[in-house]
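The values are calculated or read from the model by the stated rules, or taken from the named source; none is laboratory data. From a predicted model like this one, the values you see are computed outputs, not experimental measurements. Heads up, the Cβs are rebuilt from the backbone with ideal geometry, glycines too, and the neighbour counts pull from every protein chain shown.
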């Protein structure tokens, strides 16, 4: 579902070049829940942004659901993002002038045909917000806003959902609830889920843990997939550089 080949990302800082990602190769199969871990500055959020097509690599390629996205024209890239990727941001990124229901309906109305309202209402009920459908973001708590963002990410039933520190702005109780809901949605829809976190307890929920350090993959382990027992990823599953 996700394939990364020789991915590098560098930026210019004055006269100096800073290498954020220094050559990453990964394959994440359909339906897997992968947690990307690493300290601040390790490159994990940069990697997630490249997977989402929100940025372009300096070298290498990202292939999503069979489509090489790194050199696509913006209109084609927007189409891929709209139809194949759901994104859960740490800071929610809800549109303040739209209600919870309207925020969830929006991706559907832009990218699909059918009853957007019925689909959005069903998801908001599933995340426990049946009494908040017509509330605006400012009227919702942080945990409620993140649940709206989660419902929005799944409204099109995308094959891939990317989550960037989705509990980073939440207290422990709300964070736990959002993680449980995220896992439920992922399992029910067989979505490929890639989540960036620095918290080992959150990563423990994933099928696979990918550790970044200084822009490189330094560890990659299966832990919950299949039998649920920890185990190293074989060469047929992942290749790291």
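Overview of results
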{"item": "Selected residue [touching a helix residue (DSSP H, G or I) at 6+ places or on another chain (Cβ under 6 Å), farther than 20 Å from residue 26 by Cα and in a loop (DSSP other than H, G, I, E, B)] from 174, 169", "result": "169"}
{"item": "Qualifying residue in segment 50-58 (condition: touching a strand residue (DSSP E or B) at 6+ places or on another chain (Cβ under 9 Å), part of a loop (DSSP other than H, G, I, E, B), in contact (Cβ under 8 Å) with a residue 40 or more places away in the chain and within 27 Å of residue 146 (Cα to Cα))", "result": "yes"}
{"item": "Residue among 143, 183 that alone is in a helix (DSSP H, G or I), over 23 Å from residue 54 (Cβ atoms) and under 13 Å from the mean Cα position of the chain (by Cα)", "result": "183"}
{"item": "Near pairs, Cβ below 8 angstrom, 6+ apart or cross-chain, from segment 73-94 (on the phi > 0 side of the Ramachandran plot) to any residue that is in a helix (DSSP H, G or I)", "result": "92/137; 92/142; 92/145; 92/146; 92/148; 92/149; 93/149"}
{"item": "Where a residue in segment 37-48 is in contact (Cβ under 8 Å) with a residue 24 or more places away in the chain and its partner, wherever it lies, is part of a helix (DSSP H, G or I), with Cβ under 6 Å and at least six apart", "result": "37/203; 38/44"}
{"item": "Residue that is modelled with pLDDT under 95, within 19 Å of residue 213 (Cα to Cα) and either touching a strand residue (DSSP E or B) at 6+ places or on another chain (Cβ under 9 Å) or not in a helix (DSSP H, G or I) (or both), where the choices are 25, 19", "result": "19"}
{"item": "Test for residue 149: is it at pLDDT 90 or above, over 21 Å from residue 102 (Cβ atoms) and in contact with a strand residue (DSSP E or B) (Cβ under 6 Å, 6 or more places away or on another chain)", "result": "no"}
{"item": "Residue within segment 30-38 that is at pLDDT 95 or above, farther than 24 Å from residue 179 by Cα, in contact with a helix residue (DSSP H, G or I) (Cβ under 9 Å, 6 or more places away or on another chain) and part of a strand (DSSP E or B) present", "result": "no"}
{"item": "Some residue of segment 101-117 being crowded, with 17+ Cβ neighbours inside 10 Å, over 21 Å from the mean Cα position of the chain (by Cα) and either closer than 27 Å to residue 32 by Cα or modelled with pLDDT under 95 (or both)", "result": "yes"}
{"item": "Considering residues of segment 59-77 that are at pLDDT 90 or above and under 17 Å from the mean Cα position of the chain (by Cα) only, the residue nearest to residue 10 (Cα to Cα)", "result": "62"}
